[in-house]
Structures are given as structure tokens and as C-alpha cells.
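Take a look at the structure below.
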């Protein structure tokens, strides 16, 4: 035996990765003389290969193992979960698409059962997912004839022994009753042969329809009957990677489907906002703003500014008493006009109502000007400024 063969992989593990069968089944094949390596029939499973050999199983040449893959299949009722049936009945593998290649099932569903069935091209993965040590729950919906009480439910939840076979604790949930039938959701961990049917039969329920709706984290969901759905490599590695041996085929899987590299953001050169170009015009919501930043078509019904003039600020409006005891004055004169007074003009102002601060005086001194010596000469000087307290 050469050093290359000594450092190779055991034949059972290699064929299991190639999807031929599980390791245990391959060991039985070798004992039955069904496996040949380079033209020689093997008589012991303690044989290592490197992948360069020509391996033939049942007259069919085995191809080099591919990257591990997993499929979800909605099995219809009436199909047998086996590669070859002695009675000649249709099998699950007869109905699968040819491009999938040779696959094996993870667990089984009997002839009349339907629902989720996992398929893989890796026998080692199939064996790992079948073991109860994974802790995965197989969940079923069962329609059964009869009724069930709380005592029977408690019996199933605690675990039951039927004909010397002990079945582990079950999750039991009664959905509804329809006539003489009852629908239940059952969860089991082991998945022994016909476990759900036999356990329910032991408490007086005869199952007439059984649908598997989940296997661990994988759900039947909306997969149509007879449809096959492939599981992505990343999901497969996340959910099943911890169940396999270190350095398993998932390294090849990652190489076969690498994560796409992130593309750098494409930068557009030139245009508004880039160096040397004006920034785009930002339109304001207030259409009363004038200038290049306003949008001409953004007028709104409420955009008109309210009238800020006081009602009494118009000419001829209400009169207000003069703070110096003189005649009343108009509340708000127009801009550019002096304050006009009715009746006698106050001290320091001309008869026409114009202030005499730097103005012409009436009478003899017409044409001469003088300045007042205080604030008393200015109309309204003693009043407090508007808006201040």
C-alpha cells in the first residue's frame, strides 16, 4: 500500500460523500461484494482511496464527490422512499428531476405519508441529520379518527411504550375536531419507524392522514406537492456545519459558491454639486420668497402674507388724546407726512400741525428758524415707545 493510499479517505466515507448511501449501508455493500476499486472487488471497509481510483458500485462508476447540497421535497402520498422497490412501486427518486443527480433521503416517509422530505448528495450529512442527538424536532399534522382526552395527551407527552418499543416524549396540540375526525400537531425527536401512527393508535386514534410540515429548522411552507427546492450554501453551512466533522466538504462548498465581493460605489464625475459646478437649486416651501431660490409654480393658497396693519392705523381712524392735554391726534399718519392736530396746535408746533424742530415759525418770525431746547417741542416725545412696557 502506497503512502498516498495510507493518507487517503476510508472508502465508506468517500462513497457516502459521493451520495451513494450512508456509511453503514456502504459497509453492507462491501460485505456483499458489490464494490470494486480499479477492477478488484473489496472484501473489507478498511480501505482508503484518494479519489484517483475507478470505483464501481453495482456496475455503475462513481463520480468524484461534489460539494454538499440539500433539497426540500414535498412528497406526495403513494410513493415509496427507496431507490429500488421489490414490488415495483413508484419511488420518490423516480419523480425527481434528472439534473439533481443521485441523492439520498434523510429519514423516510412511508407509502401513505406526505409532506417534507430532505434530500442530499452527501451520505455523511444524511447520517448526521438522522441521529436524535441533533435535537431537531420533526413536526407533523395528523388527522385521526376518534377522540382524545387530557389523560391520553399526558400519556403521549410523557412517552409511551407500544409492543415493547419505547417512544420518547411527544409534543401534542389539538387543533380542531371535524365530525368524527380530529386534527393534531405532533412533534417528535427520534423519528422511529411509524412512530406517530403507532403512538396515536395506542391511545385510541386511527391516523388516516399524516403530513410532515417541518424537519428541524426547515419548513414545508408553500412548497407545492411534488416540487423540489434547493437550499442555499450559506444557509446549509449555518444550519448544518456544526453537525459535521471539522474540515468537512463545506470548505469545498464555500469555494464552489464564493460570496460575491462588494462593489465599490460608482462615483459620477461632473454635474451639479461636484467641484467646479454650481449646486442644484433648492426650492423652498414658502412661495412668498422671491429670488432664484423660489419655485415659480409652488404657490399655495395660504402663501399670502396676512395684513399686519392695525385696523385703526388708517387715515381718519380713531383719534387718540394728546398726552400733553392738547387736541386728539390721528393714530398712525402716513409715512412722509407730519402729525396733524385738530383745533389748537400744541406748544412748539406750527398752526398747520407741522413740528417746529428746525422749522419755520409762524407770525413775525416767518423765515427764521430755531431749535427746541428739549423734548417738549416734539409732538409725542413724552409718550412711551410703542411695544415697550
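The values are calculated or read from the model by the stated rules, or taken from the named source; none is laboratory data. Just so we're clear, the structure is a prediction, and the values are computed from it rather than from any experiment. With ideal geometry, Cβ positions are generated from the backbone for all residues, glycine too; neighbour counts draw on all protein chains shown.
Which condition from (1) touching a helix residue (DSSP H, G or I) at 6+ places or on another chain (Cβ under 6 Å); (2) crowded, with 17+ Cβ neighbours inside 10 Å is the one that residue 69 breaks?
So the condition that residue 69 fails would be (1).
Considering each of 77, 126 in turn, give the residue that is assigned to a helix (DSSP H, G or I) and closer than 30 Å to residue 142 by Cα.
Exactly one of 77, 126 is assigned to a helix (DSSP H, G or I) and closer than 30 Å to residue 142 by Cα, namely 126.
Evaluate segment 134-148: report whether one residue or more is part of a helix (DSSP H, G or I), surrounded by fewer than 22 Cβ atoms within 10 Å (Cβ to Cβ) and without any contact (Cβ under 8 Å) to a residue 24 or more places away in the chain.
There is no residue in segment 134-148 that is part of a helix (DSSP H, G or I), surrounded by fewer than 22 Cβ atoms within 10 Å (Cβ to Cβ) and without any contact (Cβ under 8 Å) to a residue 24 or more places away in the chain.
If you scan segment 99-116, which residues turn out to be on the phi < 0 side of the Ramachandran plot and in a strand (DSSP E or B)?
104, 105, 106, 114, 116
Take the conditions in contact (Cβ under 8 Å) with a residue 24 or more places away in the chain, closer than 24 Å to residue 236 by Cα and surrounded by fewer than 15 Cβ atoms within 10 Å (Cβ to Cβ) and apply them to residue 97. Does it pass?
In short, yes.
Could you check segment 163-231 for strands (runs of 3 or more DSSP E) lying wholly inside it with 1 or more residues that are within 30 Å of residue 103 (Cα to Cα)?
Working: elements: 165-167, 171-178, 181-188, 206-215, 228-230.
Once the strands (runs of 3 or more DSSP E) in segment 163-231 are filtered for at least 1 residues that are within 30 Å of residue 103 (Cα to Cα), what remains is 165-167, 181-188, 206-215, 228-230.
Give 35, 57 a once-over and let me know the one that is over 26 Å from residue 220 (Cα atoms), surrounded by fewer than 19 Cβ atoms within 10 Å (Cβ to Cβ), outside the structural domain of residue 128 (by TED's automatic domain parsing) and in contact with a strand residue (DSSP E or B) (Cβ under 6 Å, 6 or more places away or on another chain). Write out each step before concluding.
Details: 35 fails: surrounded by fewer than 19 Cβ atoms within 10 Å (Cβ to Cβ).
Only one candidate qualifies: 57.
How do the pairs read when you match residues in segment 63-90 that are closer than 27 Å to residue 216 by Cα with residues anywhere that are surrounded by fewer than 18 Cβ atoms within 10 Å (Cβ to Cβ) and modelled with pLDDT under 90, using Cβ under 6 Å and keeping only pairs 6 or more apart or on different chains?
67/252; 67/256
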